[in-house]
Structures are given as C-alpha cells and as structure tokens.
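The values are calculated or read from the model by the stated rules, or taken from the named source; none is laboratory data. Note that the structure is predicted; figures quoted are calculated from it, not measured. Virtual Cβ from ideal backbone geometry, glycine too; neighbours counted across all protein chains shown.
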Amino acid sequence: MSVWCGASRFEHLEVTRQDEVLRRMFGWKQMAVHKAFQRYFKKFSQAINQQVFTELYQWFFRQLKFDNYTLDFDSTIMTRYGSQEGASVGYNPKKPGRKSHHPLLAFVAECRMVANFWLRPGNSYTTNNFRSFLEDTLTRLQGKTIGLMRADSGFYDQAIFEYLEEKERPIQYIIATRFYQPLQRVIASNKSWWKLDEGIEIAETQYQSVGWERSRRLVMVRQHLPERPRAAGKQLRLFEEEGIYKNYQYSCYITNLTLPVEQVWRLYRQRADAENRIKELKADFAAESFSMQKFYGTEAALNFVMMAYNLMSLFRQVVLQQTKQSTLKTLRYQVLAIGSYLIKDGNATILKLSLAMKRREWFTGLWNTSQQFTLPFSVVAEKV
C-alpha cells in the first residue's frame, strides 16, 4: 500500500502509518513503523522466500480466469551503493565498476504481470540458474498452460533449447541469437531474402551451431538503414568493410514454432514490452530502492513490490478499463491521492472524499465497477 502511495524508501512507510483513514479502512488496530518492516524482512531466508512466494504467486494466478500465457524472460541491473549481501561488481553499463544485483524476472505478456522474481548477485551471468528459475516459474503458474516463451540474446544457450524441447513437456519458444562468427557467415551467405515492407526483408534457414546435436529453425530479418535509419539490430562486424552489409541492421531468432516467418518476427517484437515493465517497476514502484543488508530480506521485500505491481495491473485492466495504460504516478494523482475523512452515521461508517463535481460521476463509476466484476479475477476464502 505504501508503494502505491509513492514510497521509495523504507522510511517512507511512515507516510501511510500516519494516515488514519487507511488504518480504519483496512481494519488495523495500529500500523507498524518502518523499522518493524525491516526487522520482519530480516527473518526471511532462501527456504522461507521459496515457500511463501510460491504459495502467494500460485494463489494469485489461480484467481485469473484465463489461460495459455506468453512468458517473457529478462534480467536487469539494480545498482547498489553500500556493502549489501550479494552486491558485486559485474556488468553495469550505466555505472561501470559499481556494485549491483542482477535479478531475473518473468512476465506474463497478456495481463502485464510479474510471474516470478529472483534476486541474484551482480556478477551473475544472464543464464545462471535459468533452468531452475524456469522450473520455479512453471510451479508458480501451476495449472496454467504456457503457449510461448520469449527471451533476448542473453538466454541464447544450447542447454535452454534442449530443456524447452524435452518431449515430456515441450514449450514453444523464440530466443534472439548472439552474433557469433559462424552465424554471421550463415547470414552473409543467404541469398533468398523476401521483402516484407519498405526497407524490411526476411528469410529463414536451418542452423546447427558447433556442439549442437541437431539443427534448429533460424529466422533472419534485415532492415535497410537508408530507408529505416532507426532500425534495431546489429551489423555484421565480420564483413564491416563490405559496403552491402554496412547498409543493413540484422536480427536473428532461434525458434521451434511452425508459424510463417513473418508471424514469428512480429510475435518476438511484442517482447519489447517487457522492457517497459522493468522501467515501470524501477521508476514507479521503486524496485531498485528497497535494499537491505540481508540478501534474502531484500528479495522478500522486492517480491512484495512485484505483488503490488500485479494488483495495480489488475486494477488498471479490470476497474479503470482504459485503452491507454497510465503509470502509477498518474494514477496516484487521479485516483489514490484524494483528501478524505471518515464519519459515523448511526452504525454506518461513511468515507468522505474531496472531489470536484465534474469528477464525482467518473469516480462513482469506478466504485460501481469494482463491486460488480467477477472476471477475470475472483477472490475466494483461502488461507495463504
């Protein structure tokens, strides 16, 4: 609740602690000081985190009344300025040489929610513990079908491909490739490019890297820089002296999908929304700021931040029902940060809100919507 109200430090929890309306609305006898929360999170260990948040995520996603998810995996850098556990010097493009954490995240693309979050030391490679992370994500989405998995080139690894292709429970995937020299030669040797749009050409082939037991489907896209100067992708550095290759930006993907090559590319492009989710978590939900000395205490606090994000995402989609997804900062001034007080009228408690006449009808509509909806979410009495 404090995160929704703008808290970006543990000390900021004092703002909601002093709010008498919130205390009475939620039926709390009293609200804890921020030091109590810090002492509480210090009690969390790896085993407790695993138990608590597995059950919490499972409970949450059981309430969602739709299935067949698209999972997007990504990692991010959280810079640290102290000597916290797990804070190590690793890849940090914005603050080179600065200690950081390097968490893994999984997002459900359709409902814009976090499916899993693991905190890792800052010197962890992108694919470190990825198989365990994926298995844990599938456990937290127990009972749901994973229709597609997408990931960037940091997850380009043979072990990941083999795990996703296992016969017991194969998962369809699209993973961006790394531009190793053998792959660049395959791209350069390809002559069958199909024009998809102005400045965009696409192709596919079978590719077997060194050490692979079999070949896999490779989708290739190139964009002509003179026509599309802001095109994403990479150039073929192996052939940078040859003019024809300098005029193109290339993107490549390994996939086990059987869809047309154009559909594969367009499906992967939607993965970019995961980057927006990470930016929102850091900017609006202060995911980079709730840091403690204890490693698993920090992980516990951040998992509660992820749950706050999921609940707000549900609110935006089910109650607000806006075509444009407003940020939390915008919603705070539109919906949350409204002066109010409680009065007694006989046995009834009435909430008085300070709203201009022009906004009252809209706000009343939000109250009515929140009381009426049942899908895609329904809360049942269940002990967690």
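Residues that are of a type in the set (Gly, Ala, Ser) and at pLDDT below 90: does the stretch 306-323 have at least one? Spell out how you get there, then give the answer.
Residues of the stretch 306-323 of a type in the set (Gly, Ala, Ser): 308, 313.
Among the residues that remain, those that are also at pLDDT below 90 are: none.
Among the residues of the stretch 306-323, not one is of a type in the set (Gly, Ala, Ser) and at pLDDT below 90, which makes the answer no.
Looking at (1) surrounded by fewer than 15 Cβ atoms within 10 Å (Cβ to Cβ); (2) touching a residue at least 60 places away in the same chain (Cβ under 8 Å), which is the one condition that is false for residue 29?
All conditions pass for residue 29, except number (2).
Given (1) under 25 Å from residue 57 (Cα atoms); (2) modelled with pLDDT under 80, identify the lone condition not met by residue 327.
With respect to (1) under 25 Å from residue 57 (Cα atoms); (2) modelled with pLDDT under 80, residue 327 is out only on (2).
Name the residue, out of 321, 325, that is at positive phi and either in contact with a helix residue (DSSP H, G or I) (Cβ under 8 Å, 6 or more places away or on another chain) or of a type in the set (S, T, N, Q) (or both). Can you show your working first?
Numbers: 325 fails: at positive phi.
The conditions single out 321.
For the stretch 165-182, enumerate the residues that are of a type outside the set (Ser, Thr, Tyr) and assigned to a loop (DSSP other than H, G, I, E, B). Give the steps one after another, and end with the answer.
Initial filter on the stretch 165-182 (of a type outside the set (Ser, Thr, Tyr)): 165-172, 174-176, 178-179, 181-182.
Residues satisfying the conditions are 165, 166, 167, 168, 169, 170, 171, 172, 178, 179.
Listed here are the residues, each with its yes/no results for (1) in contact with a Gly (Cβ under 6 Å, 6 or more places away or on another chain); (2) free of Cβ contacts under 8 Å to residues at least 24 places away in the same chain; (3) at negative phi.
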site: 92; (1), (2), (3): no, no, yes
site: 97; (1), (2), (3): no, yes, no
site: 108; (1), (2), (3): no, no, yes
site: 128; (1), (2), (3): no, yes, yes
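If you scan the stretch 282-302, which residues turn out to be part of a helix (DSSP H, G or I), out of contact with any helix residue (DSSP H, G or I) (no Cβ under 6 Å at 6 or more places or on another chain) and of a type outside the set (Gly, Ala, Ser)? Outline the logic, then answer.
Here is the first cut: in the stretch 282-302, the ones part of a helix (DSSP H, G or I) are 282-283, 295-302.
Filter again for out of contact with any helix residue (DSSP H, G or I) (no Cβ under 6 Å at 6 or more places or on another chain), leaving 282-283, 295, 298, 302.
Listed by number, the residues that qualify are 282, 295, 298, 302.
Return yes when residue 369 is at pLDDT below 85 and in a helix (DSSP H, G or I) and no when it is not. Don't jump to the end; show me each part of the working.
Numbers: at pLDDT below 85: yes; in a helix (DSSP H, G or I): yes.
Yes, satisfied.
Let's see how each residue does on (1) over 17 Å from residue 363 (Cα atoms); (2) not in a helix (DSSP H, G or I):
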{"residue": "304", "(1), (2)": "yes, no"}
{"residue": "313", "(1), (2)": "yes, no"}
{"residue": "316", "(1), (2)": "no, no"}
{"residue": "329", "(1), (2)": "yes, no"}
{"residue": "343", "(1), (2)": "yes, yes"}
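Scan the stretch 317-344 for residues that are in contact with a strand residue (DSSP E or B) (Cβ under 8 Å, 6 or more places away or on another chain) and of a type in the set (A, V, I, L, M) and report the count.
Qualifying residue count for the region: 4.
So residue 300 fits all but one of (1) at pLDDT 95 or above; (2) touching a strand residue (DSSP E or B) at 6+ places or on another chain (Cβ under 8 Å); what number is the exception?
(2)
Could you list all residues from the stretch 142-164 that are in a loop (DSSP other than H, G, I, E, B), surrounded by fewer than 17 Cβ atoms within 10 Å (Cβ to Cβ) and in contact with a Lys or Arg (Cβ under 9 Å, 6 or more places away or on another chain)? Spell out how you get there, then give the answer.
Residues of the stretch 142-164 in a loop (DSSP other than H, G, I, E, B): 142-145, 152, 156-157.
The next check asks that each one be surrounded by fewer than 17 Cβ atoms within 10 Å (Cβ to Cβ); those that pass are 142-143, 145.
Answer for the stretch 142-164, where residues must be in a loop (DSSP other than H, G, I, E, B), surrounded by fewer than 17 Cβ atoms within 10 Å (Cβ to Cβ) and in contact with a Lys or Arg (Cβ under 9 Å, 6 or more places away or on another chain): 142, 143.
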